[in-house]
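S.K.: Questions regarding the structure given below will be posed in turn.
The values are calculated or read from the model by the stated rules, or taken from the named source; none is laboratory data. Not measured: the values here are computed from a predicted model. Counting neighbours? That spans all protein chains shown, and the Cβs are built from the backbone with ideal geometry, glycine included.
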């Protein structure tokens, strides 16, 4: 199972190289089925952990427009996504066992 942290780390490393992430990148890098990759991007986008690189209208900044396909978009990590990665790192270092109290 691929964890959200792994996917966000991939976004962060690609952003450091000024590269975006697409559905095809997730399929290739993590072995996701295409539909699963689309679902993962939708969730991360809805949670505002990633954003579309393409210019978007304010009303559709974090969602698809009617008739738009997610596989046509390129994404990058947001400040909120980087903050989530830092949270994961802090909880690893503190040894508190994570969200449910165990590892």
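S.K.: Of all residues in the stretch 63-82, which are part of a loop (DSSP other than H, G, I, E, B) and surrounded by 15 or more Cβ atoms within 10 Å (Cβ to Cβ)?
M.R.: If the condition is that a residue be part of a loop (DSSP other than H, G, I, E, B) and surrounded by 15 or more Cβ atoms within 10 Å (Cβ to Cβ), then 64, 73, 78 are the ones that fit.
S.K.: Ok, one more. Just need a number here: residues in the stretch 12-40 that are touching a helix residue (DSSP H, G or I) at 6+ places or on another chain (Cβ under 7 Å), part of a loop (DSSP other than H, G, I, E, B) and surrounded by fewer than 14 Cβ atoms within 10 Å (Cβ to Cβ).
M.R.: Of the residues in that region, 0 qualify.
S.K.: If a residue must be part of a helix (DSSP H, G or I) and modelled with pLDDT of 90 or more, how many such residues does the stretch 42-62 contain?
M.R.: Number of matching residues: 5.
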